[in-house]
Amino acid sequence: MVFRFSLGLIGAVALAGCGAAPSGSGVGVSGKSNLPGAGGAVGAPQGSLGGVELCDADFYRPLIGRPYTDVTVPGGPKLRVYSSTAVVTQEYLPDRTNVVYDDRTGRILRAFCG
């Protein structure tokens with residue numbers, strides 16, 4: 001009996017997590033966040049607060065298309081350079097700059113906050 005109750009409770013909790021986001025949670029109908037710093041303003045880049053980016057991605061965007069081996073970038077905790085096939089953590093840090101390069105060509109594909 002205790003075992004069945006435990007399984008039933010686990011099942012109920014699992015199904016409760018499948019519900020819609022509560023009103024006012026910051027997640028809109030599209031599923032995208034509209035919280036400050038999450039790029040929620042219409043037309044604002046991801047990682048921005050009211051259209052002002054919180055990272056240095058603008059500095060790295062002119063390098064898109066160039067081989068990443070030809071570019072010297074300073075290291076640090078707020079810059080992450082990785083290949084398009086690399087496994088990276090998915091936590092969102094609005095002040096961190098991500099620079100992604102193509103694994104095959106070695107060319108920079110994207111620079112963004114997050």
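Structure values in brief
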quantity	calculated
Label-point separation in nm, Thr85 to Arg104, each point 7 Å along Cα→Cβ	1.0 nm
Exposure proxy order (Cβ contacts within 10 Å, fewest to most) of Val73, Val52	Val52, Val73
Protection proxy ranking, peptides 96-103, 82-89, average beta carbon neighbours within 10 Å, highest first	96-103, 82-89
Inter-probe distance in nm under a simple model that places probes 7 Å from Cα toward Cβ, at Val52 and Thr72	3.2 nm
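Laboratory data are not the source of any read-out in this text; all were calculated from the coordinates shown. Not measured: the values here are computed from a predicted model. Virtual Cβ from ideal backbone geometry, glycine too; neighbours counted across all protein chains shown.
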